[in-house]
Amino acid sequence: MTTVNTSYSTTQSAAAAAAAASAASQPAIGEEFNSFIKLLTAQMRNQDPLAPLDSTQFVEQLATFSALEQQVRSNSSLSSIATMMNDMTGLLAGQWLGQSVSIQTAKVPYTGNTIEFNVDVPKSTASSVLTIKDSAGQTVWTETLDPASRTHTWDGQLQSGAMATTGEAYTFSIDTYDAANVHTGTKLPNVITTVTAISSEEGVLTVNTAAQLTSALGNVKKI
């Protein structure tokens with residue numbers, strides 16, 4: 001996994017040095033391929049004229065040769081793709097690190113800081129009610145959201161008067177109602193936070209945030 005964080009420049013230099021050292025200590029791609037060619041050539045050159053190489057065995061070795069050639073080409077392609085992914089991660093880091101973003105999620109970890117969010121509600125919505133549940137599924141907070149506000153906040157206050165537990169993930173849901181007070185749906189909050197790192201794992205670019213939320217880059221929106 002390749003990770004790029006706020007110390008990207010330093011990390012990039014260290015990673016480049018480590019990669020160069022690793023590459024120097026490993027055989028070049030295709031070395032086994034060249035060795036196979038030498039062995040096959042030597043075998044044919046030194047075969048007994050009175051008992052030449054069996055044609056079936058020769059075909060099998062040629063098939064092995066072909067398979068090895070394809071494997072070498074595949075390894076080379078994969079190496080190029082990995083390099084491109086690392087370069088892309090570094091490029092995206094410069095564009096995303098420190099940026100304010102929104103991530104739609106039902107589970108929101110409480111970090112001890114006020115949670116800011118907005119909601120995509122239907123145009124017919126006259127009122128919206130926020131419900132927050134703890135990890136045990138118990139409702140710990142309900143609130144009618146101000147329809148005039150574009151963003152909303154929760155400071156961790158519970159209905160019991162206590163504060164939310166730092167590190168616990170709470171479930172958010174927003175029920176919407178029309179002018180006749182008819183329930184029109186349930187929405188998830190778009191949590192507003194700051195990007196702290198970009199990661200690449202198995203070809204998937206992932207964003208890490210100050211709100212302790214992690215999401216695929218494609219599900220993150222810049223504000």
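Over the stretch 96-188, what is the mean sequence separation of C-alpha contacts under 8 Å (at least six apart), divided by residue count, expressed as relative contact order in percent? Working shown, then result.
Details: 173 pairs, mean separation 35.2, N = 93.
Result for the stretch 96-188 is 38 percent.
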**Net charge, THR131 excluded, C-beta distance under 15 Å - Lys, Arg +1, Asp, Glu -1** = 0
**Request:** For LYS123 and ARG45, compute 0.36 nm times the residue count separating them, minus their Cα-Cα distance, and round to one decimal in nm.
**Result:** 19.9 nm
**Complete:** Taking a crude spin-label model, label points 7 Å out from Cα along the C-beta direction, the SER215 to GLN95 distance in nm is 1.7
**Asked** Tell me, in nm to one decimal, what length is gained between ARG150 and GLU202 on full extension, where the rule is 0.36 nm per residue of separation less the Cα-Cα distance?
**Response** 15.0 nm
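Order the peptides 153-165, 105-117 from the highest to the lowest mean number of other Cβ atoms within 10 Å of their residues.
105-117, 153-165
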**Alpha-carbon Rg/Rh ratio, for the stretch 106-188, with Rh computed the Kirkwood way** = 0.98
**Request:** Can you tell me the FRET efficiency between THR131 and THR165 if r is taken as the Cβ-Cβ distance and R0 is 30 Å, rounded to the nearest 0.05?
**Result:** 0.95
**Complete:** A chain fully extended from ASP178 to GLU60 at 0.36 nm per residue, minus the present Cα-Cα distance, gains in nm 35.0 nm
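Read the figures in this text as sums done on the coordinates, not as results from a lab. All figures in this text were calculated on a predicted structure; none of them were measured in a lab. All Cβ positions, even for glycine, are placed from backbone atoms using ideal geometry, and neighbour counts span all protein chains on display.
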